[in-house]
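Everything below concerns the one structure shown next.
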Amino acid sequence: MADVQTGLILIAEAMDSQEDSLKPTPVIRAAAFSVHVFTAFGGALALLAMLEAVREHWAAMFQWLGVALIVDAIDGPIARRLDVKNVQPNWSGDVLDLVVDFVTYVFVPAYAIVASGLLLPVAAPLLGIAIIVTSALYFADLRMKADDNHFRGFPALWNAAAFYLFLLHWPPVLSTLLVAALVVLTFIPFHVLHPVRVVRLRWLTLSLIAIWALLGLYTLEMDFRVGPVATIALCAIALWITFSDALIRLVKSFA
């Protein structure tokens, strides 16, 4: 009986030793937490963008939002690489990401849309409120992504919408109608391409995104004073991202 007890104690000690060896080291934990800090830095970039928006330095505002977009694009792969979810289980990267995304994708662009004078004055504050409320609801919707990683409805990319409003600089009536349409489309269940996570034709999508990024930088450098070629190319890429899934489905239905 004593031998059995001794054996059980040795087994338990061995299991405890194995568990201790699997625990992340302080260095690994610090590296994992630094990813959360990096993600949170996107919120600081939103503040810098907001300061430029208040000064009506619109191109500079979009430049800071562009840096925030880069942070948002690379923090996820880094987090998965370092297994941040398991190494730092008390900190939710998903919640942190949503908080930062809301201020960079929605709040700052909504302010720019309302304060820029691009919309009808009587409609601007109402549409600004609509943007904030509908986007908050969209971010809380657990069905915001389809099984194939397409977004359902307009995915609250108000930073992109604001960019195109400044680029096209339509009459206030048309810009107002466009913003109202996007607010409604937030809850229409059509599929919008996720530029990175959708597998179908990913090579084409990533190529178009690279072209868009170069044209976008050029547009900001020129303070939105670009020719028709750049404007048409930027609009064509936006149409592909928004309606490519519907177009492919339509073509397949006739095949």
Seminar exercise, completed: In a Gaussian network model of the chain with springs linking alpha carbons closer than 10 Å, the residue among M50, M222, M144 that fluctuates most is M222
Exercise. By how many degrees, 0 to 90 and rounded to 10, does the Cα axis of helix 124-140 deviate from the longest principal axis of the chain?
Worked result: 30
For this session: State, as an integer percentage, the relative contact order of the stretch 1-192 based on alpha-carbon contacts under 8 Å between residues 6 or more apart.
Result: 20
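So, counting K/R as plus one and D/E as minus one, what does the shell of residues with Cβ under 11 Å around A59 add up to?
It works out to a net charge of -3.
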Problem set entry | Tilt relative to the chain, helix 202-221 - C-alpha long axis, 0 to 90 degrees, to 10 | 60
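Counting only protein heavy atoms and using a 1.4 Å probe, what share of the accessible area of the stretch 1-192 belongs to carbon plus sulfur, as a whole percent? Please report the intermediate quantities before stating the final value.
Details: 7680 of 10910 Å².
C and S atoms contribute 70 percent here.
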Seminar exercise, completed: Along the stretch 62-79, Karplus-curve 3J(HN,Hα) (6.51, -1.76, 1.60; θ = phi - 60°) to the nearest Hz, with x for Gly and Pro, reads 5, 5, 5, 5, x, 4, 4, 5, 5, 4, 5, 6, 9, 5, x, x, 5, 4
Seminar exercise, completed: So for R0 = 30 Å, FRET eff. of F187-A73 from the Cβ-Cβ r, to 0.05, ends up at 0.70
For this session: Place +1 on the Cβ of every Lys and Arg and -1 on the Cβ of every Asp and Glu in the stretch 1-192, take the dipole about the Cα centre, and give the residue among A44, V108, P89 whose Cα lies farthest towards its positive end.
Result: V108
Exercise. Using θ = phi - 60° and the Karplus curve 6.51 cos²θ - 1.76 cosθ + 1.60, what whole-Hz ³J(HN,Hα) does each residue of the stretch 182-191 get, with Gly and Pro shown as x?
Worked result: 5, 4, 5, 5, 4, 10, 8, x, 9, 9
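With a ≥ b ≥ c taken as the square roots of the eigenvalues of the C-alpha gyration tensor of the stretch 108-255, please select rounded if a/c is under 1.5 and otherwise prolate if a/b is larger than b/c or oblate if it is not?
Values: a/c = 1.91, a/b = 1.20, b/c = 1.59.
Note, shape of the stretch 108-255 comes out oblate.
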Seminar exercise, completed: Once the dipole of the stretch 1-192 is set up from charges on Cβ (+1 Lys and Arg, -1 Asp and Glu), the residue from the list H169, Q63, T25 lying farthest towards its positive end is H169
For this session: Taking a cut-off of 18 Å between Cα atoms, list the lysines near K23, but don't count ones fewer than 8 places away on the same chain.
Result: K85
Exercise. How large is the accessible surface per residue of the chain, computed with a 1.4 Å probe and reported in Å² as a whole number?
Worked result: 59
Exercise. Dipole of the chain, Cα-centred, from +1 at each Lys and Arg C-beta and -1 at each Asp and Glu C-beta, to the nearest 20 debye?
Worked result: 880
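Based on the alpha-carbon set only, what is the convex hull volume of the stretch 75-189 divided per residue, in Å³? If you can, show how the numbers build up before the last one.
Details: hull volume 13.2 nm³, N = 115.
Convex hull of Cα atoms, per residue: 115 Å³.
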Exercise. Relative to the longest principal axis of the chain, what angle (0 to 90°, nearest 10) does the C-alpha long axis of helix 2-22 take?
Worked result: 30
Exercise. By a straight-distance test (C-alpha under 19 Å), which lysines pair with K145 as possible cross-link partners, with residues fewer than eight away in the same chain excluded?
Worked result: none
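The values are calculated or read from the model by the stated rules, or taken from the named source; none is laboratory data. Model, not experiment: these values are computed from the prediction. As a convention, Cβ positions derive from the backbone with ideal geometry for all residues, glycine included, and neighbour counts pool all protein chains shown. These accessible areas exclude ligands, DNA and RNA; they are computed on the full protein's heavy atoms, side chains included. Shrake-Rupley method; radii C 1.70, N 1.55, O 1.52, S 1.80 Å.
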